[in-house]
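Data first, discussion second: the structure below is written as structure tokens.
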Amino acid sequence: MRVRFSLLALTTGLGVFAAAAAAEAGTVVLTVGPGGQYKTIAAAVAAADTHANTSDYYDIEVAPGTYTNDFPNVTRPMTIAVSSSSGQTAVLKATKALPNEKGIIVTVASLTVNGLTFTGAQIANSLGGNGAGIRDQNTAPATLTVENSVFTGNQEGILTGNDANETITVVNSKFINNGNPNENYFQHGLYVNYAGSVTVSNNLFCGQLIGHDIKSRAAVTTVENNQLYDGAANAALGCNAGSTSLAVDAPNGGAVTISGNQVTQAATTQNYKMVDYGEEGLLYGNNNFLVTANSFTSSGTPSATAVYDPDCVTVQLSGNTFAGITTVVNPASCAAYQ
């Protein structure tokens, strides 16, 4: 059931919550923007967070436009999505250091984001230098779903916490020209800490500074059908060359599938490896590694390695293409070709 509150109800202040309490549990829609119930996303999220009926799910519909220094703090499951189907976006733009010292959106509950652009997330290097578009701090079973969104000009795109049962999905989104230029701070386009699973599909990652396009410590990591630029520019897509260290890093192993990606490396990469698996130690009982139907291309590098696998979990390779690659798998004895 979807429940809409009228503007008349809103004029009574807390009357909006009385109406919600009386309604049958379902999906409650709150609107943000010119003519909406709330002027800021943070105000709509705060209203939802204070509602006592925990059976309701909140759908925050955001009108296209720019929302400057609008910092929602999500504490209950909800969706935050642009309300227009015209292809326009809602831009969450930070022009000052994040007051929460974490992210433009901070969540401790299941969250779906659709059609939003995040830009300008910054915090002082003394605080970690890792201001994120989305900072997920779930510690209990939850989901994070990001669709049709853009992360650009942030220190970190998405940063998640330690929820061993969390399911994370990032699809049809763009991570362009993020990162911290200070070499002492190593940020990533998408950084998933300990999670149950992460699926990253049909996205663009490019222009990342110093860190990785994708870093995942999840038990199950699936990276499929993405464009991954590792120290390589693409002016047509708005991508700077960046100085990425890796395109994909699964430092603690697990069940990892890398399939159907276009991985492009060029001279400004800080590491001639493109994909790493297990280099920080294997933490999971189930470790398997599948690399299939990807294109690996490197140019302007002296000794490019497509896959680095120091713990020698057998890499199952099939249907990949390699151009400008000196070493397909290091160590070579860890590769199994199908």
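The values are calculated or read from the model by the stated rules, or taken from the named source; none is laboratory data. All values reported here derive from a predicted model rather than from experimental measurement. Counting neighbours? That spans all protein chains shown, and the Cβs are built from the backbone with ideal geometry, glycine included.
The criterion of being crowded, with 21+ Cβ neighbours inside 10 Å, within 28 Å of ASN172 (Cβ to Cβ) and of a type in the set (Phe, Trp, Tyr) does not hold for PHE322. Just one of the numbered conditions (1) assigned to a loop (DSSP other than H, G, I, E, B); (2) over 28 Å from THR221 (Cα atoms) is not true of ALA140: (2). The single condition among (1) within 19 Å of the chain's Cα centre (by Cα); (2) β-branched (Val, Ile, Thr); (3) not in a strand (DSSP E or B) that ILE258 does not meet is (3). Against the conditions (1) surrounded by fewer than 19 Cβ atoms within 10 Å (Cβ to Cβ); (2) modelled with pLDDT of 95 or more, ASN261 satisfies every one except (1).
Consider GLY278 carefully, then state whether it is crowded, with 24+ Cβ neighbours inside 10 Å, of a type outside the set (Val, Ile, Thr), on the phi > 0 side of the Ramachandran plot and over 19 Å from the mean Cα position of the chain (by Cα). No; evaluated as a whole, the condition is false for this residue. Are any of the residues in region 193-203 assigned to a loop (DSSP other than H, G, I, E, B) and either of a type in the set (Lys, Arg) or closer than 23 Å to GLY324 by Cβ (or both)? Scanning region 193-203, I find no residue that is assigned to a loop (DSSP other than H, G, I, E, B) and either of a type in the set (Lys, Arg) or closer than 23 Å to GLY324 by Cβ (or both), so the answer is no.
In this structure, ALA164 does not satisfy being at negative phi, surrounded by fewer than 18 Cβ atoms within 10 Å (Cβ to Cβ) and part of a loop (DSSP other than H, G, I, E, B). Checking each residue in region 85-97 for being surrounded by fewer than 23 Cβ atoms within 10 Å (Cβ to Cβ) and either closer than 21 Å to LYS39 by Cβ or at pLDDT 95 or above (or both) picks out GLN88, THR89, VAL91, LYS93, THR95, LYS96, ALA97.
Which of the strands (runs of 3 or more DSSP E) found entirely inside region 42-84 contain at least 2 residues meeting this: surrounded by 15 or more Cβ atoms within 10 Å (Cβ to Cβ), of a type in the set (Ser, Thr, Tyr) and at negative phi? Write out each step before concluding.
On the way: elements: 57-62, 65-68, 78-82.
In region 42-84, the matching strands (runs of 3 or more DSSP E) lie at 57-62.
Which of the residues spanning region 143-161 are at negative phi, at pLDDT 95 or above and small (Gly, Ala, Ser)? Within region 143-161, SER149, GLY157 meet the criteria. Filtering region 68-118 to residues that are of a type in the set (Ser, Thr, Tyr), within 24 Å of THR27 (Cα to Cα) and more than 16 Å from the chain's Cα centre (by Cα) leaves THR75, SER83, SER84, SER85, SER86, THR89. Sub-7 Å Cβ pairs linking a first residue in region 209-237 that is more than 29 Å from ASN184 (Cβ to Cβ) and of a type in the set (Gly, Ala, Ser) to a second residue that is part of a strand (DSSP E or B) and at pLDDT 95 or above, at least 6 apart or interchain, are ALA219/GLY196; ALA219/SER197; ALA219/ALA255, ordered by first then second residue. One residue alone among ALA306, ALA267, ALA247 is outside any strand (DSSP E or B), of a type in the set (A, V, I, L, M, F, W, C) and modelled with pLDDT of 95 or more, and that residue is ALA267.
Annotation note: Cβ proximity below 7 Å between a residue of region 94-110 that is on the phi > 0 side of the Ramachandran plot and a residue that is surrounded by fewer than 23 Cβ atoms within 10 Å (Cβ to Cβ) (sequence gap 6+ or interchain) occurs for GLU101/ILE123; GLU101/LEU127.
Hey, among the residues in region 180-192 that are outside any strand (DSSP E or B) and within 15 Å of LEU228 (Cα to Cα), which one's farthest from the chain's Cα centre (by Cα)?
Filtering region 180-192 down to residues outside any strand (DSSP E or B) leaves 180-189.
Filter once more, so that each one left must be within 15 Å of LEU228 (Cα to Cα): 188-189.
Details: HIS188: 9, GLY189: 7 Å.
Looking at residues that are outside any strand (DSSP E or B) and within 15 Å of LEU228 (Cα to Cα), I get HIS188.
Can we say ILE214 is under 22 Å from ASN271 (Cα atoms), in a strand (DSSP E or B) and within 10 Å of the chain's Cα centre (by Cα)? Against the criterion (under 22 Å from ASN271 (Cα atoms), in a strand (DSSP E or B) and within 10 Å of the chain's Cα centre (by Cα)), ILE214 qualifies.
Evaluation of ASN330 against the conditions (1) within 26 Å of the chain's Cα centre (by Cα); (2) surrounded by 14 or more Cβ atoms within 10 Å (Cβ to Cβ) shows that the sole unmet condition is (1).
How many residues are buried (at least 21 other Cβ atoms within 10 Å of the Cβ), under 21 Å from LYS174 (Cα atoms) and not acidic (Asp, Glu) when one looks only at region 127-151? Write out each step before concluding.
So in region 127-151, the residues buried (at least 21 other Cβ atoms within 10 Å of the Cβ) come out as 130-136, 138, 142, 144, 146, 149, 151.
After this cut, where a residue has to be under 21 Å from LYS174 (Cα atoms) as well, the list is 130-136, 144, 146, 149, 151.
Retained after the next criterion (residues that are not acidic (Asp, Glu)): 130-135, 144, 146, 149, 151.
Summing the residues that are buried (at least 21 other Cβ atoms within 10 Å of the Cβ), under 21 Å from LYS174 (Cα atoms) and not acidic (Asp, Glu) in region 127-151 gives 10.
A quick yes/no check of all residues on (1) buried (at least 24 other Cβ atoms within 10 Å of the Cβ); (2) not small (Gly, Ala, Ser):
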| position | (1), (2) |
| --- | --- |
| GLN208 | yes, yes |
| HIS212 | yes, yes |
| ALA218 | yes, no |
| ASN226 | yes, yes |
| GLY231 | yes, no |
| ALA236 | no, no |
| SER243 | no, no |
| LEU246 | yes, yes |
